[in-house]
Amino acid sequence: MSTSARPRRRADAERSIARIVTAAREVLSRDPDASIDDIVKAAGVGRMTLYGHFPNRAALVEAALADAIRAGEEVLSEVDLDGDARDALARLIAPSWSLVAESTRLLQAAEGLLPAARIRELHGDAANRVEDLVRRGRRQGVFRTDLPITWLVNVVHYVLNGAAEENRAGRLSAKEAPAVVSATVRSLLAPPDMR
């Protein structure tokens with residue numbers, strides 16, 4: 001075998017992996033219970049090819065979730081978080097809401113297969129970003145100090161996920177959601193004497 005065949009095979013494999021992961025993201029974002037056959041069909045590859053790269057459903061779902069989170073991090077890293085922590089958090093809410101709404105069903109698929117610790121690890125950068133804002137807001141005197149920071153970060157996460165669920169149920173429009181989430185989070189994080 002010539003050495004020029006190896007890089008081509010590797011490039012083909014990388015394209016195949018990318019197609020499979022993209023298809024898994026799209027299919028599982030519509031239906032967290034979608035079958036491997038649904039993903040194979042969407043990716044335009046065979047089952048053998050899929051299993052050649054991903055030994056089981058859990059590995060594929062983890063790759064799809066990691067890819068969605070990586071893409072989300074590219075968006076969130078562009079948000080201006082300078083200045084007042086309340087305003088920065090409000091600026092972070094709109095793109096965060098969109099990303100959560102897009103990937104809620106993918107996350108449901110992951111929750112059925114991956115350990116909770118692994119899911120938290122994959123979301124680490126997003127959680128750290130909110131935690132940094134909460135800490136800054138505390139220093140600025142605009143966020144409450146009477147509850148644990150990890151709880152407050154989780155509350156933001158719960159509210160985002162709750163809004164995604166309300167949107168899917170038709171009780172909250174995608175247009176209204178960022179303002180509703182932002183007002184809810186601002187109220188929950190405000191010190192008792194600032195309400």
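The values are calculated or read from the model by the stated rules, or taken from the named source; none is laboratory data. What you see is a predicted model; the values in this text were computed from it and never measured. Don't worry about glycine lacking a Cβ; one is built from the backbone with ideal geometry, like all the others, and counts go over all protein chains shown. For the accessible areas, the whole protein counts, side chains as well, though only heavy atoms, and no ligand, DNA or RNA atoms are used. Shrake-Rupley method; radii C 1.70, N 1.55, O 1.52, S 1.80 Å.
Once you have the Cα-Cα distance between residue 58 and residue 41, take 0.36 nm times their residue separation minus that, and quote the gain in nm to one decimal. Spell out each step's value before the answer.
On the way: separation 17, 0.36 × 17 = 6.12 nm, distance 1.83 nm.
In short, 4.3 nm is gained.
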Quick calc: nm separation of the 7 Å Cα→Cβ label points for residue 102 and residue 127 -> 2.2
With axes computed from alpha carbons, what is the tilt in degrees of helix 85-111 against the longest principal axis of the chain, rounded to the nearest 10 within 0 to 90? 40
To the nearest 0.05, how large is the calculated FRET efficiency for residue 66 and residue 179 if R₀ is 25 Å and r is the Cβ-Cβ distance? 0.25
Accessible area per residue in Å² at 1.4 Å probe, computed on the range 73-195: 54
How far is helix 177-189 tilted, in degrees, relative to the longest principal axis of the Cα atoms in the chain, given as a value from 0 to 90 rounded to the nearest 10? 50
Each label sits 7 Å from Cα toward the beta-carbon; between residue 26 and residue 135 the label points are separated, in nm, by 4.0
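If I take all pairs of Cα atoms in the range 44-159, what percentage of them are more than 16 Å from each other? Could the numbers behind the result be given before it?
Numbers: 4317 of 6670 pairs.
Pairs farther apart than 16 Å: 65 percent.
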Per 5 Å bin, what percent of the C-alpha pairs of the range 125-172 does each bin hold, from zero upward? 5, 21, 23, 19, 13, 11, 7, 1
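Could you work out the percent of alpha carbon pairs in the chain separated by over 22 Å, rounded to a whole number?
Details: 10257 of 18915 pairs.
Tail fraction, whole percent: 54.
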Using 0.36 nm per residue of separation minus the Cα-Cα distance, give me the extension gain between residue 77 and residue 10 in nm, one decimal. 21.1 nm
Computing the accessible area with a 1.4 Å probe over protein heavy atoms, can you report the carbon and sulfur percentage for the range 115-190? 55
Helix 149-168: angle to the longest alpha-carbon principal axis of the chain, degrees 0 to 90, nearest 10? 70
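State, as an integer percentage, the relative contact order of the range 41-118 based on alpha-carbon contacts under 8 Å between residues 6 or more apart. It would help to have the intermediate numbers written out before the result.
Details: 29 pairs, mean separation 29.5, N = 78.
Relative contact order, the range 41-118: 38 percent.
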Roughly how many nanometres apart are two label points built 7 Å out from the Cα toward the Cβ at residue 194 and residue 168? 3.3
